[in-house]
Amino acid sequence: MNFDFSEDEKLVQEQTARYLTDKCGTDAVRAVLEGNEAYSSDVWQGLADMGLMGTALPEAYGGVEAGYLTLCLVAQELGRAVAPVPFSSSIYLAAEALRMFGSETQKELWLPKLATGEVVGTVAVTEGLIEAAADNLQTTVSGGAVSGRKLAVADGGIADLAVVLARGDQGVDMVLVELSGSGVSRHAVETVDPTRDTATIVFDGASSEMLGEPGAGWTQLDRLYDRAAVLFAFEQIGGAQAALDMAVGYANERFAFGRAIGSFQGLKHMMADMYVALKLAESNCYYAAWALASDSPELPLAAATARVSAIQAYQLCSRDNIQVHGGMGFTWEFDCHLYYRRSNYQTLQLGGLSVWENKLIDALAAAA
């Protein structure tokens, strides 16, 4: 397959990169990391003003309708900047769930607000240390009232709207819950990456609306995750590229024994391994971007391939970036830990690495 992004798509990527370089530097990231803000509202507003939240949403619902290929490149730049904003939860997940499964009324009400950043959305699935599955959900929904507890919800403390998986009368349902309503309480959760707001959400008879078909919630979640996984993978390769660039830059500037440390064989091999892992992930992401944009039947296989390779590349590059920096890499003052934190946080979103490895095995078996 001969695939590349168009000039228009690359232009949006360049504009996004320029904006994030100007407005989402280390100071903005560290302001959230150090607890001064839950997320960067200034960066969030700027992304909204540029229309980036509505990149793949239809114009009829307030979007720009520039397509998923453009959104993939936007995601890559957000990852490169370690942007401390709820973009993935709100756009890759909540907005996409509404676009795919929402009624006309639900789309008209919520998608324009998500596209402008007025409303922040999220998805609440996890309930315990055991991986969530259709047969072990404890959260229930009956007569539109949701009760249960969802753990470690990404952007759960700042979200206005949640897509919740709950057990209903006909099986697993996907429902919408306004988090400002009665019967909802939230508790902050400390994680490896404080630049991403995380919370436990407790529902006690909270009012909800059905999203999609009754009993089809788990199937809908699988479809949603396949699409979101591609965008997460692009964020991850953006972060991996930034970590590699940081390592190479430091190796060229830092001298020991009269020469740049980048000339030492051990570091050369380390950075070569980082580069190879990144390029493998990048090629898999390109395949997945094509599958997502064309709504190909190959999407489950492409998404799992991209997700697994992007997780591995980001973890390797962020970890070895610290090693290249030596003792300085472990300090608060250096930025290496920003990428290491984000790589580990994103690994656990949508299910961990082993979940996606199993999905890849299943997709390969189905393809064969």
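The values are calculated or read from the model by the stated rules, or taken from the named source; none is laboratory data. For clarity, every value in this text was computed on a predicted model and none was experimentally measured. Quick reminder, even Gly has a Cβ in these numbers, built from the backbone with ideal geometry, and neighbours come from all protein chains shown.
Considering L109, L33, L20, L71, the condition of being touching a residue at least 40 places away in the same chain (Cβ under 8 Å), under 27 Å from E209 (Cβ atoms) and hydrophobic (A, V, I, L, M, F, W, C) is satisfied by L71 alone.
Test each condition in (1) closer than 20 Å to I91 by Cα; (2) in contact with a Cys (Cβ under 9 Å, 6 or more places away or on another chain) for M246 and report the one that comes out false. Looking at each condition in turn, M246 falls short on (1).
The residues of segment 100-137 that are surrounded by fewer than 22 Cβ atoms within 10 Å (Cβ to Cβ) and among the hydroxyl-bearing types (S, T, Y), listed by number, are S103, T105, T116, T126.
Given the conditions (1) assigned to a strand (DSSP E or B); (2) surrounded by fewer than 22 Cβ atoms within 10 Å (Cβ to Cβ), and given that S182 satisfies all but one, which numbered condition is not satisfied? Exception for S182: condition (1). Among the residues in segment 287-297, are any within 16 Å of L231 (Cβ to Cβ), at pLDDT below 95 and among the hydrophobic types (A, V, I, L, M, F, W, C)? No, because not a single residue in segment 287-297 is within 16 Å of L231 (Cβ to Cβ), at pLDDT below 95 and among the hydrophobic types (A, V, I, L, M, F, W, C).
Being in a loop (DSSP other than H, G, I, E, B) and not assigned by TED's automatic domain parsing to the domain that holds P194 is a description that does not apply to S309.
Only one of the listed residues (T219, T191) is closer than 17 Å to G102 by Cα and either of a type in the set (A, V, I, L, M, F, W, C) or surrounded by fewer than 19 Cβ atoms within 10 Å (Cβ to Cβ) (or both). That residue is T219.
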